[in-house]
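Heads up: the structure comes next, in structure tokens.
The values are calculated or read from the model by the stated rules, or taken from the named source; none is laboratory data. Values in this document were obtained by computation on a predicted structure and should not be read as measured data. Every residue, glycine as well, gets a Cβ built from its backbone with ideal geometry; the counts of neighbours run over all protein chains shown. Surface areas here come from the heavy atoms of the whole protein model, side chains and all, with no ligands, DNA or RNA. Shrake-Rupley method; radii C 1.70, N 1.55, O 1.52, S 1.80 Å.
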Amino acid sequence: VAKTAFGTVDISRDQVAAMWRPGEASPAEAKLQEDLVKAQGKWKYEAALDFSGKSGNSDRESFGGSLAATLTRPDDRLKFYASGDHVKDNGVTSSNQLKGGVDYERSFAERHSWYLRNEYEKNEIRDLNLRATAAFGYGYHFIKREDHELRGRLGLLYRYEDFISRASEEGLGLDLGIKHMWRFAKWGVLNNDLTFEPSFEDSSNYRIFHESSVDMPLTPNLWKLRLGVSNDYNSQPADGVENMDTTWFLRLVLSWE
């Protein structure tokens, strides 16, 4: 028996679809609000910094950092990022790089997606005044879970390179990539990123970028340490420049929403 504004009504349990307290939103309204929040998405931000120095038989100063902002929604993901480093060995600059870009991915089925990305890079040590890369293509999630993700990409790219000491170059190529994330324990997250960019015009002209890192939280959802290595390989570097750049890093990372 229930008392209403229209009097006393006999109601069985089978007739009750939902119950909520006065002043609270109904379950249907709460579900609608939850769906609206998910559709709007959530921004996550990250700032990382590393600095090291050495003196004695040799002097070394190293500074690096990165920024990232990621908007995640049920059907798409948008990421802005920027990074840089500056290294001096015995007073001589051995690394001076700036990189930034945007990456957008939209799902059109459970495991299928399409993507667009743009990246800009400046590296004086590698004789590079500007490298601009624009790519688009198809993505497939081999594993798609909250704690484990493996995604592959296949697309086309256009690359423009403006060099300091020689003529600029441009051309079309393939954009092949693999991204892997695995939360293997409460204290650790493994991230792997691999990109292969061969040129259509010259198969011997290609670029490979790789980065692997492990994130270890220091405080819940705020501070963490990132230990990793990155490799940047160019099959046709400028004169006097090595093919491979390898960087080991230990970074203090601040994450927030």
Query raised in the report: Where the convex hull is taken over the Cα atoms of segment 34-184, what is its projected area averaged over directions, in nm²?
Result: 11.8
Query raised in the report: So how much slack lies between F184 and N243, counting 0.36 nm per residue of separation and subtracting their Cα-Cα distance, in nm?
Result: 17.9 nm
Query raised in the report: If you take the alpha carbon radius of gyration of segment 103-202 and divide it by 2.2 N^0.38 Å, what ratio comes out, to two decimals?
Result: 1.29
**Report entry** Relative contact order, percent, segment 143-247 [alpha-carbon distance under 8 Å, six or more residues apart]
**Finding:** 17
**Report entry** Rough spin-label spacing in nm, given labels placed 7 Å along Cα→Cβ, for F163 and L252
**Finding:** 4.1
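For the chain, go through all pairs of different Cα atoms, get the mean of 1/r, take its inverse, and jot down that Kirkwood value in Å.
Working: mean 1/r = 0.0459 Å⁻¹.
So the Kirkwood estimate lands at 21.8 Å.
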Query raised in the report: So how far, in whole Å, is the C-alpha centre of segment 217-257 from the one of segment 194-208?
Result: 22
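Over the chain, what percent of the accessible surface lies on carbon and sulfur atoms, probe 1.4 Å?
The computed percentage sits at 58.
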Requested in this report: Could you order peptides 148-157, 83-92 by the average number of other Cβ atoms within 10 Å of their residues, highest first?
Outcome: 148-157, 83-92
Query raised in the report: If we sort 63-76, 122-135 on the protection proxy, mean other Cβ atoms within 10 Å, highest first, what's the order?
Result: 122-135, 63-76
Query raised in the report: Using the beta-carbon distance between S203 and L227 and R0 = 35 Å, what value does 1/(1 + (r/R0)^6) give for FRET efficiency, to the nearest 0.05?
Result: 0.50
Query - Theoretical gain in end-to-end length, N90 to F51 [0.36 nm per residue, Cα-Cα removed] - result: 12.4 nm
Query raised in the report: Ignoring ligands, DNA and RNA, how do V253, V229 rank by accessible area with a 1.4 Å probe, largest first?
Result: V229, V253
Report task. Report relative contact order for the chain in percent, whole number only (criteria: Cα-Cα under 8 Å, sequence separation at least 6). Result -> 11
Report summary line: One finds, for S26 and E211 with R0 = 41 angstrom and r their Cβ-Cβ distance, a FRET efficiency to the nearest 0.05 of 0.30
**Report entry** Ordering of 162-169, 174-181 by packing [mean C-beta count within 10 Å, highest first]
**Finding:** 174-181, 162-169
**Report entry** Full-stretch length increase - Q40, E146 - with 0.36 nm per residue and alpha-carbon distance subtracted
**Finding:** 36.3 nm
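Of the listed pairs K144/K186; K186/K224; K42/K79; K42/K122; K144/K224; K44/K186, which have alpha-carbon separations greater than 22 Å here?
Values: K144/K186 19 Å; K186/K224 12 Å; K42/K79 12 Å; K42/K122 31 Å; K144/K224 24 Å; K44/K186 20 Å.
Going by Cα-Cα distance, K42/K122; K144/K224 fall outside the 22 Å limit.
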Query - ³J(HN,Hα), Karplus 6.51/-1.76/1.60, whole Hz, each residue of segment 81-90, x for Gly, Pro - result: 8, 8, 8, x, 8, 9, 10, 10, 10, 6
